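Undergrad: Got a structure here, written out as structure tokens. Questions coming.
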Amino acid sequence: MPVNPELVGRVFPSTAPYLVGREKVREFSRAVFATDPQHFEPEAARALGYADVVAPPTFAMVIQDLTLQILLAEPDSGIALERTIHAEQRFRYSRPIVAGDELSASLAVTGVRAIGKGAMVTSEAEVTDAEGAHVVTAISILLIGGEDA
């Protein structure tokens with residue numbers, strides 16, 4: 001089944017709240033070679049005005065992945081994981097993610113463009129905190145190969 005062009009404009013339900021943990025931020029920071037003290041030491045983060053350690057900018061992908069899993073599970077999407085490549089990623093931040101944040105995200109499909117037998121699917125995940133305030137918008141483009149690609 002090809003990618004369903006009627007995905008454009010579809011908004012998926014919000015994810016369950018995700019509690020950002022200090023150790024998770026530290027682990028992620030090590031994995032992406034983010035070495036600034038604010039990612040590891042609460043005192044360094046507090047000196048910069050934050051309540052706890054600050055996640056590197058790409059940490060938002062942890063939350064966005066929860067929304068992408070919802071999209072991939074959509075029966076009429078035409079998106080098969082085994083034919084999917086994560087082609088592009090961007091972030092628009094209102095504020096950094098900090099340990100202790102409780103974040104939820106909602107995904108909207110903003111574009112489907114046919115390319116040969118496959119398609120490019122653009123989505124935006126709006127990540128908000130427990131009070132509903134915007135934290136980051138994570139924009140991704142998935143490249144979906146055709147069935148016989």
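Bear in mind that the values in this text are calculations on the coordinates, not laboratory data. Just so you know, these numbers come straight off a predicted model, no measurement behind them.
Undergrad: Where does helix 22-31 land angle-wise versus the long Cα axis of the chain, in degrees 0 to 90, nearest 10?
TA: 60 degrees
Undergrad: Relative to the longest principal axis of the chain, what angle (0 to 90°, nearest 10) does the C-alpha long axis of helix 60-73 take?
TA: 30 degrees
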